[in-house]
1. Checking residue 3 against (1) assigned to a helix (DSSP H, G or I); (2) farther than 16 Å from residue 212 by Cα; (3) touching a helix residue (DSSP H, G or I) at 6+ places or on another chain (Cβ under 9 Å), only one condition comes out false. Which one?
2. Take segment 155-180 and flag every residue that is over 26 Å from residue 110 (Cα atoms), surrounded by fewer than 14 Cβ atoms within 10 Å (Cβ to Cβ) and out of contact with any strand residue (DSSP E or B) (no Cβ under 8 Å at 6 or more places or on another chain).
3. Can you tell me which residue among 237, 207 is under 26 Å from residue 267 (Cβ atoms), touching a helix residue (DSSP H, G or I) at 6+ places or on another chain (Cβ under 9 Å) and in contact (Cβ under 8 Å) with a residue 40 or more places away in the chain?
4. Listed residues 59, 76, 67; which is surrounded by fewer than 19 Cβ atoms within 10 Å (Cβ to Cβ) and part of a strand (DSSP E or B)?
5. From the list 373, 343, 351, which one is buried (at least 19 other Cβ atoms within 10 Å of the Cβ) and farther than 28 Å from residue 515 by Cα?
6. Would you confirm whether or not segment 236-243 contains a residue that is surrounded by 14 or more Cβ atoms within 10 Å (Cβ to Cβ) and under 25 Å from residue 135 (Cβ atoms)?
7. Give the residues of segment 18-31 that are outside any loop (DSSP other than H, G, I, E, B) and surrounded by fewer than 23 Cβ atoms within 10 Å (Cβ to Cβ), sorted by residue number.
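The values are calculated or read from the model by the stated rules, or taken from the named source; none is laboratory data. Everything numeric here is computed off the predicted structure, so don't read it as measured data. Glycine also receives a Cβ, built like all others from the backbone with ideal geometry; neighbour counts cover every protein chain displayed.
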């Protein structure tokens with residue numbers, strides 16, 4: 001058997017994603033759709049295949065060159081798109097005198113291609129089209145002899161959908177003109193008008209998805225990946241119905257789902273389809289998450305992922321956050337005990353997690369440095385919170401000198417380890433008497449004091465100031481020596497990190513509330529303001545005169 005894979009489309013319905021990746025190279029569970037099609041043809045007994053290309057053809061060519069298939073693969077570039085019929089005629093010299101298979105490169109299916117080919121061999125008609133009932137695309141009319149009548153959509157009950165798979169006798173090439181755009185359907189209409197039968201091979205009980213739209217591609221990704229993820233996570237898993245229910249996320253644009261099958265569950269996080277070839281959030285989430293897990297840092301296990309579709313399936317850690325535990329716990333001594341356990345774990349995260357950490361995994365910055373403090377915390381606070389949320393007449397440049405000093409003071413006694421960057425009570429889960437860190441994709445090198453400050457001043461938990469003071473003392477006594485610095489320097493760095501983190505928190509709450517219209521976050525602004533004023537009161541007015549004046553008036 002020979003076959004042709006039709007891959008020359010522009011993928012306009014999949015913009016902007018097809019600007020950098022041709023549709024045939026969209027992946028499902030890490031495997032390009034084109035690769036899946038070739039595998040299925042190989043399984044069906046195909047010995048030789050040709051692929052027409054157009055948009056980003058060099059990427060398809062590079063992919064094929066990287067593979068080592070058990071069948072011969074040829075490529076034919078079309079400088080101008082020729083349509084299905086024109087593409088076939090353009091490679092007429094590839095075919096021999098035997099029937100050949102045509103298949104679209106943007107379908108995902110488990111239809112038995114060998115059965116379709118053998119069905120064609122069982123009759124004398126020049127064309128077999130594989131059809132099925134798929135209401136969204138039902139536009140092919142079939143008579144009682146399973147010969148196709150026409151290809152026009154209407155409301156008739158006997159309409160079926162074309163699967164994008166057909167088997168053709170070489171004589172069909174005579175119905176296609178040379179050297180121009182032409183639809184294979186027009187050729188089939190000629191066959192029908194010539195009183196010949198275009199035969200329908202009707203299939204049922206299979207999986208089929210056209211990935212021509214973002215929604216269809218994302219659904220196909222989930223359909224293919226979810227059963228595999230359960231198989232990775234549960235050794236005794238047997239395939240059964242899979243359900244998904246959306247669960248609440250926080251400030252990010254990612255979408256979270258709990259995925260259920262029988263008594264088993266996973267969490268799926270959808271980062272969205274890849275929009276560029278640059279390192280993206282999903283890359284950091286996967287690489288950093290795997291690194292932390294392998295270094296015995298308590299994070300959820302990652303079972304399956306696809307960097308292009310944006311889907312990641314991870315361990316389900318339940319619904320209990322540190323925030324829930326803190327708000328339900330009445331005794332201060334118990335709260336302090338919980339937090340002391342987590343402070344020790346943060347030390348492990350910083351020290352053990354930094355071993356063999358590759359900065360290429362980071363997608364924002366490799367280190368927590370002065371530029372991060374100035375842009376992502378000081379400017380964020382000024383513009384997102386003071387200007388846009390409070391509508392205050394404040395300019396970042398007028399405060400630049402004081403922000404410079406604040407940045408320098410923050411970094412003055414820094415001992416770099418691994419820094420989570422968002423170590424707050426909603427990013428710490430509790431399951432089976434154990435704490436876990438989640439949302440670690442912003443991890444980079446930085447001071448352990450930043451994560452400690454983030455935990456201690458966290459507005460979601462709203463720890464009383466005396467409790468915060470005790471936890472600061474415990475952090476200094478427990479971790480200063482571990483990170484290789486004196487207690488006074490450790491405390492000094494922690495104090496300034498508490499300020500810079502507080503600025504970031506208020507910037508984020510202002511942005512999420514005003515721009516993202518996530519009003520849920522507004523309830524935590526008063527606590528964050530109160531904490532900032534409390535901690536900033538320790539500074540002398542002469543050091544930060546303008547900033548102190550603004551904060552005092554909040």
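1. For residue 3, the exception is condition (1).
2. Correct list: 155, 171, 174, 177, 178, 179, 180.
3. On the way: 237 fails: in contact (Cβ under 8 Å) with a residue 40 or more places away in the chain.
Only one candidate passes the filter, namely 207.
4. On the way: 59 fails: part of a strand (DSSP E or B); 67 fails: part of a strand (DSSP E or B).
Criteria check complete, one pass: 76.
5. Values: 373 fails: farther than 28 Å from residue 515 by Cα; 351 fails: buried (at least 19 other Cβ atoms within 10 Å of the Cβ).
Exactly one of 373, 343, 351 is buried (at least 19 other Cβ atoms within 10 Å of the Cβ) and farther than 28 Å from residue 515 by Cα, namely 343.
6. Of segment 236-243, the ones surrounded by 14 or more Cβ atoms within 10 Å (Cβ to Cβ) are 237, 242.
Checking which are under 25 Å from residue 135 (Cβ atoms) leaves us with 242.
Yes, segment 236-243 contains at least one residue that is surrounded by 14 or more Cβ atoms within 10 Å (Cβ to Cβ) and under 25 Å from residue 135 (Cβ atoms).
7. Initially, segment 18-31 is screened for residues outside any loop (DSSP other than H, G, I, E, B), giving 18-19, 23-25, 27-28, 31.
18, 19, 25, 27, 31, listed by residue number.
The rows are residues; the columns are (1) over 29 Å from residue 126 (Cβ atoms); (2) at pLDDT below 95.
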position	(1), (2)
11	yes, yes
33	no, no
37	no, no
40	no, no
48	no, no
63	yes, no
68	yes, yes
